[in-house]
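Notes for the one structure printed next.
The values are calculated or read from the model by the stated rules, or taken from the named source; none is laboratory data. Here the structure is a predicted model, which is why all the values come from computation and not from measurement. Note that we place each Cβ from the backbone using ideal geometry, even for glycine, and neighbour counts take in every protein chain shown. Note: areas computed on protein heavy atoms with side chains; ligands, DNA, RNA excluded. Shrake-Rupley method; radii C 1.70, N 1.55, O 1.52, S 1.80 Å.
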Amino acid sequence: MKKILSSEITPEQVYLSRREFMKMGALASGMLLLASCSPGIVTGGSNTKENTTEASGGTPSGQGQLSDELGDAANTYQDITHFNNYYEFTPVKEDVADLAKDFPLRPWSVEVAGLVDHPKVYDIDDILKKFPSEERIYRLRCVEGWSMVIPWMGFSFSKLLNEVSPQTEAKFVKLYTLDDPAQMPTQDDSWFSWPYVEGLRLDEAMHDLTLMVTGLYGKELPAQNGAPLRLAVPWKYGFKSIKAIVRIELVNEMPLTFWMNEAPSEYGFYANVNPDVPHPRWSQASERRIGELRRRRTLPFNGYAEEVASLYQGMDLEVYF
Ligand SMILES: Nc1nc2c(c(=O)[nH]1)N[C@H]1C(S)=C(S)[C@@H](COP(=O)(O)O)O[C@H]1N2
Ligand SMILES: [Mo]
């Protein structure tokens, strides 16, 4: 039997799997920090034989290979849709797809409000018509230390923001996930403060890379990936990329986000991918690309430094983590 070097033990393996954790039935608040976005073990799922044989990517139909601008192959449709973080359904990544399969995606409206000249309630189908989607192949780096390359469909968030005309006092954007315990099972318990909320500084939100995601692999976005509308901010840890958006608010003050509220010492507002700033409980210097066995080095700003580093000029990124 092959010996496992300590250098091969990933943060994902250091902690109890979420499945075991849930089995313990420990919903006590004292255990909150263990559960809150801590690395979950990768059991089967993304690492099964079946998946590694096609781990070099390809479209769902198998034709052609997509890759990001660094030359890395896109993850498979199977991996992207069956290894998900979506705490409203379950903290068990392999089970999200099944639990979300009946999540109703219509009717769906998105309210844009707050410090804007033209507040508006959009029907999702009007958004899809009004803002044509294009393919953007982005890396997604989870704070837990794994990553994927994902061929999203979507449009720059700036297009939507420009249409409602942010006022000069608007400095931040606050985004809300649906709050509906009847459709999102874990919202029934009081372990977390729902709804999931995220935020960006207005200039981050207006950056061309910041994507409103409407699809995946040229098809409709599956529920488990945040349909019908989710965000993708590729230079930040994945938890910034909020799913199932129902409300967008332009505000003057930095919003308190879901994870900042749950564990302020662990999750900051900026959450830019940064190999030099460890998470309090694990290093961020490397990551495991789903479908690969070896870890790879994590790139500053997840490889998008050229495009976005200027947004943070003069800021101490250890303070503004
Ligand atoms: N509403 C909501 N959005 C969320 C999450 C969540 O639990 N709820 N998880 C985040 C985390 S931690 C990650 S890594 C990504 C995962 O996106 P994916 O499942 O499409 O890969 O979604 C983010 N958006
Ligand atoms: Mo994540």
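General remarks:
- Within the stretch 129-145, residues that are closer than 21 Å to T76 by Cα and acidic (D, E) reach partners that are within 16 Å of ligand 2 (Cβ to nearest atom) and open to solvent by less than 10 Å² (accessible area, probe 1.4 Å) with beta carbons closer than 6 Å, at six or more positions or on different chains, in the pairs E144/P39.
- Scan of the stretch 193-216 for residues that are more than 12 Å from ligand 1 (Cβ to nearest atom) and in a loop (DSSP other than H, G, I, E, B), ordered by number: S193, H207, D208, L209, T210
- Just one of (1) in contact with a helix residue (DSSP H, G or I) (Cβ under 7 Å, 6 or more places away or on another chain); (2) open to solvent by less than 50 Å² (accessible area, probe 1.4 Å); (3) away from ligand 2 (no atom under 16 Å from the Cβ); (4) not hydroxyl-bearing (S, T, Y) fails for L140. It is (3).
- When P107 is tested against (1) within 18 Å of I242 (Cα to Cα); (2) surrounded by fewer than 21 Cβ atoms within 10 Å (Cβ to Cβ); (3) not β-branched (V, I, T), just one condition goes unmet, and that condition is (1).
- Filter result (open to solvent by less than 10 Å² (accessible area, probe 1.4 Å) and in a loop (DSSP other than H, G, I, E, B)) within the stretch 154-176: A170
- Scanning the stretch 299-320 for residues that are surrounded by fewer than 20 Cβ atoms within 10 Å (Cβ to Cβ) and within 19 Å of W259 (Cβ to Cβ) yields a count of 4.
- Hits in the stretch 243-260 - residues which are more than 22 Å from L115 (Cβ to Cβ) and open to solvent by 20 Å² or more (accessible area, probe 1.4 Å): K243
- Contact map, the stretch 226-253: residues that are without any contact (Cβ under 8 Å) to a residue 60 or more places away in the chain paired with residues that are in a helix (DSSP H, G or I), Cβ distance under 7 Å, separation 6+ or inter-chain. Pairs shown: V233/K240.
- Answer residue from the stretch 269-295, given it is outside any loop (DSSP other than H, G, I, E, B) and polar (S, T, N, Q) and is least open to solvent (accessible area, probe 1.4 Å) among those: N272
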